[in-house]
Amino acid sequence: MNFSQYTIKNIQETFEALKTGQNGISDQEAESRLKTYGFNELKAKENGLFDIFLRQFKSPFFYLLFIAGLIALAVGEKVDALVLFVFIFINVSFGFFQEAKAQKAISLLQKFIPSKVRVRRDGMEKVIDKKYLVPGDIVLLETGSIVPADLRVLETDDFLVDESVLSGESIHLGKILNPLSTETKEVFEAKNIIFAGTSVSSGEAEGIVVGTGKQTAFGEITKLVSGITRESVFEKDILKFYKIILRTVITAVLFIFLANLMIKGTKNIFDFLIFSIALIVSIIPEALPLIITFSFSSGALRLAKEKVVVKRLSAVEDLGNIEILCTDKTGTLTKNKLELEEIFAQDQEKLFLYGLLASHYIEDGAQNSLNAFDLSLYEKSSPSVRLNLKNFKKVSFIPFESERLRNTMVVEDTEGKRFLIVRGAPEVILDLSSEFEYGKEKKEIQKEIEDHGREGKRILAISFKELKGEYSEKSEENMTFLGYFCFIDPLKETAKEAIQTAKKLGIQIKMITGDSKEVAGHIAHKVGLVRDVSEVISGKTLDSLPEKEFDEACLKFFIFARISPETKLKIIKSLQKKFEVGFLGEGLNDTPALKIADVGIVVQEAADVPRGAADVILLEKDLRVLIDGIKNGRKIFSNINKYIKCAMASNFGNFYSIAVISLFITFLPMLPIQILLGNLLSDFPLIAIASDTVDTEELKKPKTSRLSNFIGLIIILALVSTAFDFIFFGIFHGIKPAFMQTLWFIESILTELALLFIIRTRHFFLKTKKPSLTLSLLVLLDAIFIVALPFTGLGQKFFHFAAPPINYVLIVFGLVIAYFISSEIVKLLYYRRQKLNNHTLKVI
């Protein structure tokens, strides 16, 4: 491993070995080294076009059709064999095209979520894509970063790293600067190396890159970076559904085949064998995987254009399943652009100075701070305060944490005096203070701050003391309260609209925030989440409740204030007992909640660790964007279900009628190649189902769209289809076999196309949203082609159709209309009864 030789080198020796220095390499040198070492990336094996092509031949449908083609060749039916092989080619080509398109979609999605890293090159700090890192680069790490390459430690500040990705044990380790006495190749002994793939638990560090890509310790363990596929609920349902259908159909066809042998003997056994295979292929919705892939990939790209990026295609469906969305308010409901409204202190200049001293401005400058409080304070501070900042240097710093609700800074002035400054939530700062420079007593200040909170204002309080000796936790006692800043965080113009849209979709929004009850309640009331500002529960109150009451509170309340990461996790787990829960977070302490939630969502600016745990990344932190994403996920899910309902109801109906009638006539009710052609033509317009419009009611209840909830409807509509097939047989029994086969072909496909317009809504088909133009045009073209084909030389020569008399065709049209009306009535009665049953259950 590359890192081992650097474990025994001191920092200067490491610089010399890598031909660099404290200022890092130049961009030109980096480009040169990139050609030598290659990109800093570990690619899991990707499916190339050839792999996708080969996968098409692993389908059971391919083998069934191929066997049927060979049998046709063996018995001398060359035309039938040719047609069967053409069907194979069409299925393989279409499957290849759709999977290749989905693979391209996944590659495009990756471009939306590049991984960035801070480096120092030519003495200048810059941000680059991590794949451009090369040995010799100086990398700057901070809390929440995932280490991008193997680094030799140059400098640390309160630095701890989690190496569980390598060791399997979640132990947070410090690192040393000094060289080891002996060279080691063991990861656990290399105490001056920070390894790629590990995550920064706290603090900051600088390191020089000694290994990239496959030359890292992480690269040696390739199994850690191989893709792990996670099946969604829908994918599991589909797989289970497929297995049930396949077993049922094969059993039924085997029974029909044996019955035909007993009744008719073995005279036409090969013809009937091909017929049986065609029946199996026709009943299975083999286009379903393609439609799912097409819907998910096109849906994922559409979501990406709307600034919602999914990290795996099936997350599109997971997004649509969200019933409760838990989110913070900052940046989601509010703009996260704090405006300093008022300053409460006897010495405002001193308050500004100490407020900025407790931030990173003391060493980084205004341009490098991403903290909204810091940006606002610096903007409003006077030139004299900014100048005075240079008279202090940072000694130590403890960043803001949800558990502490404050950050701590120790600074030293030019005379060597040290000052401890604590900045954070006002109630915490007041508790730490025993003296008050503000000029008011503690109780007066508390009441004043509560009044500001009820107006939705955010408070940042400051206390300080001169530090004698070294800092310890006890140092933060008996502080002097200096004053506080009062900020407003304006609401986003889209927040109220997003909340209303969520309510229409049946999505519950629950705000989980670290802010005070007063601020949280005010914001929630203004956006319409609660009717009264007092409808808020604090983390302290929630933690004191027993499990049953805790669960009840989680369901009852929509606003949770002063919530710790541990309590946040408990809230998510509690809600998951009854609902599918999505969680929107961005901080390092949000990672456990992101992992446990059914759908983890982060913003693009989130730290590396939470981004790695998430399923969805928002390119814009806006609740409306996310709600629209959930809506689109539900739309895709609903349209896939339309295909399943339509294909299964029609296929099952035709399957049983053809199979049964074949026992009572001396010829096949439909030839194998006609069955397969019908299967292909009926699936053709359904590819456009992904673009169809969806009723608002369908978007409200994702759970009611699960496969298990409409099996009853499929069975009933299949029985209607079977009944009309028997009526058809009764009408046309006795006519020429070629006419019956042709007319049955026309009737079976037209009824399936008609069924699509029935099952696309729970309501009367004319009182719903119009179908998409693409779907309507494809259905129309398909219907014209189906009716016209038997009258062409192509249809008669290759598919053995016979041009039927026009009066026969008109009778078929009449049957299709009667079928449409009957199926529509059955559907309306089914949903009306279902609604009454649901109402009865609610009353009980």
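So for segment 289-353, Kirkwood radius off the Cα pairs, Stokes-Einstein at 37 °C and 0.692 mPa s: how many µm² s⁻¹?
Details: Rh = 15.9 Å.
Calculated translational D: 206 µm²/s.
What ranking of 400, 89 comes out by heavy-atom accessible area, probe 1.4 Å, highest first?
Details: 400 115, 89 140 Å².
Ranked list, largest accessible area first: 89, 400.
Order 733, 452, 522, 800, most accessible first, counting only protein heavy atoms with a 1.4 angstrom probe. Please report the intermediate quantities before stating the final value.
Details: 733 115, 452 20, 522 40, 800 65 Å².
Order by accessible area, largest first: 733, 800, 522, 452.
With every protein chain present, what accessible area does residue 829 have (1.4 Å probe, heavy atoms only), rounded to the nearest 10 Å²?
100
Just in segment 615-685: which chymotrypsin sites (Phe, Trp or Tyr not before Pro) are loop by DSSP and have at most 12 other Cβ atoms within 10 Å?
664
Heavy-atom accessible area of residue 302 with all protein chains present, probe 1.4 Å, nearest 10 Å²?
My reading of the accessible area for residue 302 is about 80 Å².
Any idea of residue 37's accessible area? Nearest 10 Å², probe 1.4 Å.
120
Using the per-residue mean of other Cβ atoms lying within 10 Å as a proxy for protection, in what order, highest first, do the peptides 786-792, 152-158 fall?
Values: 786-792: 16.7, 152-158: 18.6.
Per-residue Cβ counts within 10 Å, averaged per peptide and sorted highest first, yield 152-158, 786-792.
Can you sort 823, 115 by 1.4 Å-probe accessible area, starting with the largest? Can you show the working numbers first?
Values: 823 0, 115 35 Å².
Highest to lowest solvent-accessible surface, that is 115, 823.
The values are calculated or read from the model by the stated rules, or taken from the named source; none is laboratory data. This is a predicted model, so every value here is computed, not measured. Ideal geometry is used to build each Cβ from the backbone, glycine not excepted, and the neighbour counts take in all protein chains shown. For accessibility, only protein heavy atoms count, side chains too; no ligands or nucleic acids. Shrake-Rupley method; radii C 1.70, N 1.55, O 1.52, S 1.80 Å.
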